[in-house]
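Quick note: the coordinates plus some simple rules give every number you see, no bench work behind them. None of the values given here were measured: they were computed from a predicted structure. Quick reminder, even Gly has a Cβ in these numbers, built from the backbone with ideal geometry, and neighbours come from all protein chains shown.
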């Protein structure tokens, strides 16, 4: 499918998996100012319970609002991922108190030293007893 959109900024297609239709829009973002419309559109998709694909430092990932169960479920379906294989939550800041029960001192020191960067920290979830969450704060730069 890459050859269909490599020379354009945008294309659309649909996929049906497990009885759920997933509408896909592809936008290539190279310049933050010029391509801000695509980033805003992706944010609206996430806010409305949808999923988006995005590059990280190591791989491309699927993303949703980590606090939206329906959005997160769509990622499991799209990836065919088992429910007992947790997802990584990408964050934009070190303020993660709405996601985790507590941030131990050692985790805070590690976050201060290595974030943003390719380090995932596993902590206890805020609202789920005995549950764990994997959190990553990546660096992302755009050509300007």
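For the range 31-72, report the convex hull volume of the alpha-carbon atoms normalised per residue, in Å³, without decimals. Spell out each step's value before the answer.
Numbers: hull volume 2.9 nm³, N = 42.
In the range 31-72, the Cα hull volume divided by residue count equals 70 Å³.
Which FRET efficiency, nearest 0.05, do residue 106 and residue 43 yield, Cβ-Cβ r, R0 35 Å?
For residue 106 and residue 43, the calculated efficiency is 0.60.
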